[in-house]
Amino acid sequence: MTIETLIPVAYLIAAITFILGLKGLSSPTTAVQGNRIAAGGMLIAVIATFFAADVKGGVPIILAGIAVGGVAGFAGARMVKMTAMPQMVALFNGAGGGAAALVAILEFARNVDAGSLEFGPTLATLLALIIGAVSFSGSAVAFGKLQGLITPKAFRYSSQQLVTGGIAAATLLLSLVLLASAFFGAVNVPAMFLIALITLLALAFGIALVMPIGGADMPVVISLLNAYTGLAVAMAGFTLNNQLLIVAGTLVGASGTILTRLMSKAMNRSLGNVLFGAFGAATTASGAAASAGLEGRSIRSIGPEDAAILLSYAQNVIVVPGYGLAVAQAQHSVRELADLLESKGISVKYAIHPVAGRMPGHMNVLLAEANVPYDKLFDMDQINPEFQRADVALVIGANDVTNPAARSNPGSPIYGMPILDVDKAQNIIVIKRSMKPGFAGIDNDLYLDPKTAMLFGDAKEAVGKVVQELKKAA
Amino acid sequence: MTGEAIVAAYVFVLAIFVGFEVVSKVPSTLHTPLMSGANAIHGIVIVGAMLVASAIGGTLGTILGFLAVVLGTANVVGGFVVTDRMLAMFKQRPARKRE
């Protein structure tokens, strides 16, 4: 028995650790351990691969690659702020997709050299290439949008669906040509040229797919791209006939699919609507109508003193955090405010909308960072009945997820999206930088509610001032 | 279909079921770490990158193989480290369960 026969065993162990790792994530108490078990499995798989007969000649290149990628990945992961987590995940996801696409290209090159393009492997490799490339360029655009390098708004142009559809059709056509030539054994077409074209088209498709999607829909996009990369890796597993890649890629594909479905459901929209719908580019008619409404009615603006008084007379306070809180890094100030209120015997709860933030569960992570106990965080379904008993709802940097138009105005682009019933609270304080509409690009009727008081300012500063006022009063 | 391909297909189908079964139990609190952890797991593509990078010849092939390993490693290392950082914040919470 040589050491090489043990490689599949190592891969089996790695596959088991991945399943255990994901299983560990089902509870906060076992999650850290689960993640480390999976990382250990990954290490075992990588070490085992060094013993494969094919790898011998490539060791220097592989070690160099691991050194460069390892330092880049480690540094990026250590330095990133918790608020910038979504774009970091997008970036690592794109890296995985790019790696899968490169694996597919190199596998094609090897088979074309050997003159053996068979139908089955060609199909799998083609899928790995296309899905991986789409995930790579799509993640890059998502990263750019979240980082603010390119406009986070939905980027739309008149013939957009035509262009996206055209790219998809061309990719499909060239793929069919390649598959046909593999099937009939006629490799008259310059195969590598076709593959290069398909790669470029797939990259273009990823860009065309994500550019028109607005920042508010990023949680869905990131989950979807995550599923794509998983699938690309699974397909690469078929190509290389490597079961570990199939298992790991498929697990990720399944998890990404589940999250994507949950996110779309939380916005009451189908996936197709997220990807191709006119969200974000709010119909001009209803946009104009809404802004006319804003001018016609007045909003009530208050200072930190009044907010402090309002809060100190309350018994039940529900905090509604949104992305504005994340941007301002206000989670620690909010936690301080909550501690102060609780020391006065006031109950403080947090209402977390499923798509608050820029990736699924983003707000939970930020509040956990500020040491907010997770049993104070409530999902939309749990907290909504409690708003009518709340004396004050404190909305910090959240906008679209509190807009009552989603319930009442069929003309609104977000009509039908489940929202937090903030407007049912006795008093509402909205901390917001300006009257600018949120990522969805639509005005929020909540701000016109007579019960609503607007406290304008940066979330962190404003909350800090309220804390000072409360301390003065005490 | 060859024997190898059909075995691979079985593995694929079973993994779909395992994936759905395991992941559907994750609470929404942990969705971000889940996504990031899953993200790290698809970094297993590094194994594929290692295999093709050594099998390929020529300058362009070597460069692309090197890039594949770089991207795969960044995915693995970055993914696991970020997830670990996030989860560390959940660690010292009271173990009380939410309904």
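The values are calculated or read from the model by the stated rules, or taken from the named source; none is laboratory data. All figures in this text were calculated on a predicted structure; none of them were measured in a lab. Every residue, glycine as well, gets a Cβ built from its backbone with ideal geometry; the counts of neighbours run over all protein chains shown.
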- Task: Inspect all residues belonging to the range A:433-452 and state whether any of them is assigned to a loop (DSSP other than H, G, I, E, B), among the aliphatic types (A, V, I, L, M), more than 23 Å from A:Q315 (Cβ to Cβ) and out of contact with any Pro (no Cβ under 8 Å at 6 or more places or on another chain).
- Result: yes
- Exactly one of A:A368, A:A328, A:A351 is within 12 Å of another protein chain (Cβ to nearest Cβ) and of a type in the set (A, V, I, L, M), and that one is A:A368
- Note on the structure: Going through the range A:228-242 in order, the residues found to be in contact (Cβ under 8 Å) with a residue 24 or more places away in the chain and over 15 Å from A:A99 (Cα atoms) are A:F238, A:N242
- Message: Suppose we keep only residues that are among the polar types (S, T, N, Q) and surrounded by fewer than 24 Cβ atoms within 10 Å (Cβ to Cβ) within the range A:318-340. Which one would you say is farthest from A:V355 (Cα to Cα)?
- Response: A:S333
- Task: Taking A:N409 as the residue in question, decide whether it is of a type outside the set (V, I, T), crowded, with 18+ Cβ neighbours inside 10 Å and either in contact with a Pro (Cβ under 7 Å, 6 or more places away or on another chain) or assigned by TED's automatic domain parsing to the domain that holds A:H353 (or both).
- Result: no
- Task: Kindly indicate whether any position in the range A:2-22 is among the charged types (D, E, K, R) and either closer than 30 Å to A:P373 by Cβ or under 22 Å from the mean Cα position of the chain (by Cα) (or both).
- Result: no
- Message: Could you go through the range A:383-401 and let me know if any residue there is outside any loop (DSSP other than H, G, I, E, B), at pLDDT below 85 and not β-branched (V, I, T).
- Response: yes
- Note on the range A:230-251: residues more than 7 Å from chain B (Cβ to nearest Cβ) and of a type outside the set (A, V, I, L, M, F, W, C) are A:G237, A:T239
- Item | Residue identified as of a type outside the set (S, T, N, Q), over 12 Å from A:A398 (Cα atoms) and at pLDDT 85 or above among A:V466, A:V430, A:V422 | A:V466
- Message: Among the residues that make up the range A:186-209, is at least one of them modelled with pLDDT under 95, in contact with an Asp or Glu (Cβ under 7 Å, 6 or more places away or on another chain) and assigned by TED's automatic domain parsing to the domain that holds A:G97?
- Response: no
- Checklist (1) outside any helix (DSSP H, G or I); (2) more than 14 Å from every other protein chain (Cβ to nearest Cβ); (3) within 26 Å of A:A90 (Cβ to Cβ) applied to A:I299, failing item: (3)
- Residue check for A:A104: part of a helix (DSSP H, G or I) and buried (at least 22 other Cβ atoms within 10 Å of the Cβ): yes
- Hey, any hits in the range A:408-422 for a residue that's within 29 Å of the chain's Cα centre (by Cα), assigned to a strand (DSSP E or B), within 20 Å of A:Y323 (Cβ to Cβ) and not aliphatic (A, V, I, L, M)? no
- Task: May I ask you to list the residues in the range A:304-340 that are closer than 20 Å to A:E386 by Cα and not in a helix (DSSP H, G or I)?
- Result: A:Y313, A:A314, A:Q315, A:N316, A:V317, A:I318, A:V319, A:V320, A:P321, A:G322
- Message: Against the definition (outside any helix (DSSP H, G or I) and out of contact with any strand residue (DSSP E or B) (no Cβ under 8 Å at 6 or more places or on another chain)), how does A:T151 come out, yes or no?
- Response: yes
- Qualifying position, being under 19 Å from A:A124 (Cβ atoms) and within 14 Å of chain B (Cβ to nearest Cβ), among A:A191, A:A182, A:A227: A:A227
- Task: Within the range A:122-155, work out how many residues are surrounded by fewer than 20 Cβ atoms within 10 Å (Cβ to Cβ) and within 11 Å of chain B (Cβ to nearest Cβ).
- Result: 1
- When the range A:363-390 is examined, which residues are found to be within 16 Å of A:L325 (Cβ to Cβ), free of Cβ contacts under 8 Å to residues at least 40 places away in the same chain and of a type outside the set (A, V, I, L, M, F, W, C)? A:N364, A:N371, A:K376
- For the subset of the range A:170-228 comprising residues that are part of a helix (DSSP H, G or I) and aromatic (F, W, Y), which member is nearest to A:A154 (Cα to Cα)? A:F205
- Message: Can you confirm whether A:N403 is under 29 Å from A:I213 (Cβ atoms) and buried (at least 23 other Cβ atoms within 10 Å of the Cβ)?
- Response: yes
- Turns out the helices (runs of 4 or more DSSP H) fully within the range B:17-99 with at least 3 residues that are more than 14 Å from the chain's Cα centre (by Cα), within 7 Å of chain A (Cβ to nearest Cβ) and modelled with pLDDT of 85 or more are B:45-55, B:59-91
- Given the conditions (1) surrounded by fewer than 16 Cβ atoms within 10 Å (Cβ to Cβ); (2) in contact with a Leu (Cβ under 9 Å, 6 or more places away or on another chain), report the number of the one that A:N35 does not fulfil. (1)
- Task: Tell me which of these A:S434 doesn't satisfy, since it passes every other one: (1) more than 30 Å from B:L34 (Cβ to Cβ); (2) surrounded by 24 or more Cβ atoms within 10 Å (Cβ to Cβ).
- Result: (2)
